[in-house]
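Student: Pasting in a structure now, in structure tokens, and then I'll have a few things to ask.
The values are calculated or read from the model by the stated rules, or taken from the named source; none is laboratory data. Given the structure is predicted, the values throughout are model-derived calculations rather than measurements. Cβ placement follows ideal geometry from the backbone for every residue including glycine, while neighbour counts extend to all protein chains displayed. For the accessible areas, the whole protein counts, side chains as well, though only heavy atoms, and no ligand, DNA or RNA atoms are used. Shrake-Rupley method; radii C 1.70, N 1.55, O 1.52, S 1.80 Å.
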Amino acid sequence: MWNPWRENLKDTPKESLNWRLWYGVFVFGLMGAARGIDEGLIGTTAELAPFIKKFGLEDPSKSAHWKAELLSNITSMVQMGSILGALIAFFLTDKIGRLWATRQLCCLWVFGISIFLASARTGNVGMVYAGRFIAGVGIGQTTVVAPTYLAETAPRAIRGLCVCAFAGAVYVGIMLAYFASWGSSIHISSKTDAQWLVPNSMHLMFAGLIFTLSFFSRESPRWLIKVGRHEEALETLTRLRQLPADHPYVTSEIIDINDQLNREREATMGTSWLGPIRELFASRANIYRIQLSIMSQLLSQWSGANSITIYAPKYFAMMGTTGQNEKLFATAIFGLVKFISSIFCAFVLIDLIGRKRALSSGILLQFFSMLYMAIFLLIDNKIADKNAPQSSSQKNAAKGAIVMIYFSGFGWALGWNSIQYLINSEIYPLRLRALGGSIAMTFHFVNQYGNSKAVPLMFLSMTTGGTMMFFSCVTAIGLVWVYFFLPETTGKSLEAMDEMFNLPWHLIGRKGAELTRGSGGMAEVLDAEGEAHMEKVAGATEVERVETRPVEQKV
């Protein structure tokens, strides 16, 4: 039987691939649905008549700019709250653990959505803003808590698969949200607020499910070791791996975790609570990691894919799909395509062909899709006008543009969608993992907020074709960045990442994959410049090392 992971799994005991591992992947992966449900629901909810009427989205007495501002404020408020959520997530995740961080974010999520739903009685848009902001504080934390837990509990051979379960769940949420809105538009009267309240109750269902299931999960062994609970960590790891405590696979994993943590504690001994923050900016290796986090979020969010997800009905309308039910149905099928694509990429491609190759292929497909849509809208800018005559060639070109929306979804699932979570959960050392992930996801939501806020206004000022051309240019820049700066991390243990980042900055992206894979050290670098640099690092004197330490450590 063909097994796409046969090579990666050759050193992994089959006992470690057990139901306890998959249960944790299911529970923490399911948190990805938090973002997906919101992204899928809010754009489609804004197309439902009772919501439009309740909050004045089509008020004829208001200007188009005013209505675009109102829509962008409503849709982007969760992203605004998520910025705060991602900022505080690193502190909560390290302070109270991955499990309790999960439970408190579910409570915030439920509380915020309850306020949002209660606005149906008052019609107060302020309650919409407040409820969605509070829910965003909880939703924003999921992007730090879940990938961190998944990366820390998964065997390294399938770490990409496990972390991508979170990215895949985003599309479970998006798909269910799209179909819920489409179904409610058909089966629930447009004269009642239930048409938008019923699909938005999905938030409460998923938050309650994750909160309940978390009580049957095990805490991350790496976090337990970090806080000094070594016996509990060993017992948890043996349960997760279903191997005895003296098994070489378990002992080597414990040794790797302890070795990295001891080195980090020695390096930061005597520093204040600001030590981790100072450490994050004190070395070239960590600055390179921050660069990867920031650029991956910047380039992915402004590639245009998320704006299509949030404003999918409007994009289909731009390509000539008219009628509320038709737009929502096309949007629902788009969600199904993205869901199937994300599952296929997570289960087959990411660990099989490698992170870098998967990302490059996805970006390339996304680029050509965006470019086609941009050229189409620049040439045929009256496609959305029902009264404008269309030739047969124009109609065929419009059908092609609709197909390209679906292709862009597949490219996003293969590329940026998975990598923006996976890379940030892998590259940081244990002491800085939650902090680094928090910074990455804060930047993620800052850009997503800016994107969701700006897109309705960009359609007015830049035209739809100009907006799509902007997105295609950013996507092309992302392809160049991936080639030169993104290292290949497939098959490397979390504790072995440090050695790769000791290469010169201009070699990490292109030569990092040539380091020996696995949990061992740096056996060879096939580049003469890289070898010379590593010999220089290895031969540094104690005096040189002292001179490079932060001031507090030297004192």
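Student: Does any residue of segment 300-314 turn out to be open to solvent by 10 Å² or more (accessible area, probe 1.4 Å) and modelled with pLDDT of 80 or more?
Tutor: Scanning segment 300-314, I find at least one residue that is open to solvent by 10 Å² or more (accessible area, probe 1.4 Å) and modelled with pLDDT of 80 or more, so the answer is yes.
Student: Also, quick follow-up: When you go through (1) open to solvent by 50 Å² or more (accessible area, probe 1.4 Å); (2) modelled with pLDDT of 80 or more one by one for Leu377, which number turns out not to apply?
Tutor: Every listed condition holds for Leu377 apart from (1).
Student: List pairs: first residue in segment 232-257 and in a loop (DSSP other than H, G, I, E, B), second residue crowded, with 19+ Cβ neighbours inside 10 Å anywhere in the structure, Cβ distance under 6 angstrom, at least six positions apart or on different chains.
Tutor: Matching pairs, first to second residue: Leu243/Val250.
Student: Now for a different question. Those residues that are under 30 Å from the mean Cα position of the chain (by Cα), in a helix (DSSP H, G or I) and of a type in the set (D, E, K, R), I need them from segment 215-231; list them, please.
Tutor: Arg222, Lys226
Student: Please state which one of Leu9, Leu99, Leu71 is buried (at least 17 other Cβ atoms within 10 Å of the Cβ), in contact with a Ser or Thr (Cβ under 7 Å, 6 or more places away or on another chain) and either at negative phi or in contact (Cβ under 8 Å) with a residue 12 or more places away in the chain (or both).
Tutor: Just one listed residue meets the conditions, Leu99.
Student: Given the conditions (1) crowded, with 24+ Cβ neighbours inside 10 Å; (2) within 28 Å of Gly81 (Cα to Cα), which single one is not true for Leu176?
Tutor: Every condition holds for Leu176 apart from (1).
Student: Picking from Ile74, Ile96, which residue would you name as being part of a helix (DSSP H, G or I), more than 30 Å from Ile186 (Cβ to Cβ) and not basic (Lys, Arg)?
Tutor: After ruling out the rest, the residue left standing is Ile96.
Student: Taking the options Lys327, Lys382, name whichever one is of a type in the set (Lys, Arg), surrounded by fewer than 20 Cβ atoms within 10 Å (Cβ to Cβ) and modelled with pLDDT under 75.
Tutor: Of Lys327, Lys382, the one residue that is of a type in the set (Lys, Arg), surrounded by fewer than 20 Cβ atoms within 10 Å (Cβ to Cβ) and modelled with pLDDT under 75 is Lys382.
Student: Name the residue, out of Ser181, Ser189, that is assigned by the TED database to the domain that holds Thr142 and outside any helix (DSSP H, G or I).
Tutor: Going through Ser181, Ser189 in turn, just one is assigned by the TED database to the domain that holds Thr142 and outside any helix (DSSP H, G or I): Ser189.
Student: Might you check whether a residue that is open to solvent by less than 10 Å² (accessible area, probe 1.4 Å), β-branched (Val, Ile, Thr) and within 20 Å of the chain's Cα centre (by Cα) occurs anywhere in segment 102-122?
Tutor: Checking segment 102-122: at least one residue is open to solvent by less than 10 Å² (accessible area, probe 1.4 Å), β-branched (Val, Ile, Thr) and within 20 Å of the chain's Cα centre (by Cα).
Student: Can you confirm whether segment 140-150 contains a residue that is open to solvent by less than 10 Å² (accessible area, probe 1.4 Å), among the hydroxyl-bearing types (Ser, Thr, Tyr) and over 23 Å from Ile88 (Cβ atoms)?
Tutor: The answer is no; no qualifying residue exists.
Let's see how each residue does on (1) surrounded by fewer than 19 Cβ atoms within 10 Å (Cβ to Cβ); (2) in contact (Cβ under 8 Å) with a residue 40 or more places away in the chain; (3) under 29 Å from Ser217 (Cβ atoms):
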| site | (1), (2), (3) |
| --- | --- |
| Leu17 | yes, yes, yes |
| Tyr23 | yes, yes, yes |
| Gly32 | no, yes, yes |
| Thr45 | no, yes, no |
| Lys53 | yes, no, no |
| Ser63 | yes, no, no |
